[in-house]
Amino acid sequence: MSRRTLLCASTPRASCLDLWREKNDRLVRRAKELVPQECSLRRQQLTQDILEGLSGLLHSLQGLPAAVSVLPLELTVTCNFIILRASLTQGFTEDQAQDIQQALERVLETQEPLVPRLEQGLRELWDSVLHASSLLPELLPALHLLAGLQAALWLSTDHLGDLALLLQALNGSQNRASEDLLLLLKTWSPPAEESDAPLILQDAWGLRDVLLTASAFHQALKEGSALGLPLLEASRLYRQLGNTTAELESLELLFEALSVTHKSEAPHILIEVELLLPQPGPASPLHCGTQSQVKHLLASRCLQMGRAEEAAEHYLDLLALLLDVSEPRFSPPPCPPGPCMPEVFLEAAVALIKAGRAQDALTVCEELLSRTSSLLPKMSWLWEDVRKGTKELPHCPLWVSAAHLLQGQAWVQLRAQKEAVGEFSHCLELLFRAVPEDKDQGGASNCEQGCSSDVALQHLRAAALISRGLEWVASGQDTKALQDFLLSVQVCPGHRDASFHLLQTLRNLNRRDEANAVWWKLKTQTQVPQEEATWSLPLYLETYLSWIHPPDCETLLEEFQTSLTESC
């Protein structure tokens, strides 16, 4: 028994009741004064302190025999404790059910004569308590609030039958046939609190409104209806119809809607609709995603559709949104929802380069490299892990290499050839530490859209070699360019762009026999080898490869065939 309880045991109960009520009211005021915009960690700590204060107060109240004169306060403190705890944990747990059960048992303890009771579940306890409460009208306001919390718990855990019976009992309904939750909730009329009642965090009427809204959304979630997500469905439909403008407008509206819904990352004080609804999984047609997921979808679609300026702005907004929430974790990207954090950085850099913002792209790449700097001393181990497929971070070497590749392209845009060649060479130095996986091992892991790390590695090597080769061509050093183009064909067999650049360089160097051999291969090569055709590449790499695609490939083949015929 606490010191406060011992003190109150030797003093008039009325004075203790006043002290306990003052403490309850003080804690409730503190909880309501918490500023939503305050630092989420500090706000969570303050909420935890208030919760501990309510817990201590409840312990003091329950340390004495149950009494009708104290029960209104005890039930109110119990309700405040449950509301704040559910808010802090963002959901209901078995602990809240035990708190409710203990409160109901305390009410029954006040009934005389005390008759022996068998072990009862929550629904049976509610029947007994509501029957007894007809003799205790002063308990009705607090009991209805407690019943509202019980209804919230049962709705969130899908105990709809028990919920319907509870509402029928609250309404005094003699007809047990009606189980329409919406009708029962609309009929429920909690008694008004007295003006001098202890303060509460959320009254029964406010809780009733939350229950009404949540129950209305609950049959649709359960049945898999997509009516609740018209914006996401509209964007998907417009995409199928090829209406890009309407698709992007739908996604922008969806992002704005989610921004309003999730305007604060800090936990709410009150029980709200979101706490009572089951969250649809990523595979569900009802899954509309988070703000960051929708923003990424919007940014990536702009990038794919060639809207570089819009894509760049969306990616910068996305990075600010993600970095503001928490420190990103470098883990393999989920499959299939989208890329992991490092790939978002790389996509952002690609969008910035495409929008002509090379300096901003360099900054984004530097930020990514700074976040992987701790892994650089272990890079040789990580390359070995790529080959063996034994670690959780097989893609980290690819991300670091890709960052240097994009920095090289940014320097190309800034007409700084020396820096560009240096970044391409650094990228190649990292990439050639890796040993391709054995064919019988398969991919080390899956990344965005099912990309094998080995396939991505091959294409990154080819991209870096072609990019450096193009810089040699631009400076008139065709011999050096030839070495890079030859190597790019070797490291990524079947890469048509590499073969076209090789053909053009051999032609420029007047090495006809070798050029003829490459031309014949290109004429007979109709598609990428089947083992690679099943894999797709990350968006940042797909976009980059489109930049080094030689223009007018078919025209080059025709011209070479004409010159070959003339020479014959």
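Points to keep in mind about this one:
- Residue satisfying condition, being at pLDDT 75 or above and surrounded by fewer than 16 Cβ atoms within 10 Å (Cβ to Cβ), within set LEU241, LEU251: LEU241
- Annotation for the stretch 36-48: at least one member residue is modelled with pLDDT of 85 or more, more than 26 Å from PRO191 (Cβ to Cβ) and open to solvent by less than 60 Å² (accessible area, probe 1.4 Å).
- Pairs where the first residue, in the stretch 207-220, is within 14 Å of TRP154 (Cα to Cα) and small (Gly, Ala, Ser) and the second is modelled with pLDDT under 80 and in a helix (DSSP H, G or I), C-beta under 8 Å, 6+ apart: ALA214/VAL273; ALA214/LEU276
- Test: residue in the stretch 79-89 that is modelled with pLDDT of 85 or more and over 28 Å from SER133 (Cβ atoms): no
- Condition met for LEU135 (assigned to a loop (DSSP other than H, G, I, E, B), out of contact with any helix residue (DSSP H, G or I) (no Cβ under 8 Å at 6 or more places or on another chain) and not β-branched (Val, Ile, Thr)): yes
- From LEU522, LEU487, residue being at pLDDT below 85, open to solvent by less than 90 Å² (accessible area, probe 1.4 Å) and in a helix (DSSP H, G or I): LEU522
- Between THR89, THR157, the distinction of being in contact with a Phe, Trp or Tyr (Cβ under 9 Å, 6 or more places away or on another chain) and either open to solvent by 50 Å² or more (accessible area, probe 1.4 Å) or of a type in the set (Phe, Trp, Tyr) (or both) belongs to THR157 only.
- Scanning the stretch 534-562 for residues that are within 44 Å of the chain's Cα centre (by Cα) and among the hydrophobic types (A, V, I, L, M, F, W, C) turns up TRP535, LEU537, LEU539, LEU541, LEU545, TRP547, ILE548, CYS553.
- Matching residues, the stretch 100-139, being at pLDDT 90 or above and surrounded by fewer than 16 Cβ atoms within 10 Å (Cβ to Cβ): GLN102, GLU105
- Matching residues, the stretch 16-35, being among the hydrophobic types (A, V, I, L, M, F, W, C) and modelled with pLDDT of 80 or more: CYS16, LEU17, LEU19, TRP20, LEU27, VAL28, ALA31
- In the condition set (1) buried (at least 22 other Cβ atoms within 10 Å of the Cβ); (2) without any contact (Cβ under 8 Å) to a residue 60 or more places away in the chain; (3) closer than 27 Å to VAL28 by Cα, LEU163 is compliant with all but (3).
The values are calculated or read from the model by the stated rules, or taken from the named source; none is laboratory data. Please read all numbers here as calculations on a predicted model, not as lab measurements. Ideal geometry is used to build each Cβ from the backbone, glycine not excepted, and the neighbour counts take in all protein chains shown. Ligands, DNA and RNA are stripped out before the accessible areas are found, and what is left, the full protein with its side chains, is counted by its heavy atoms. Shrake-Rupley method; radii C 1.70, N 1.55, O 1.52, S 1.80 Å.
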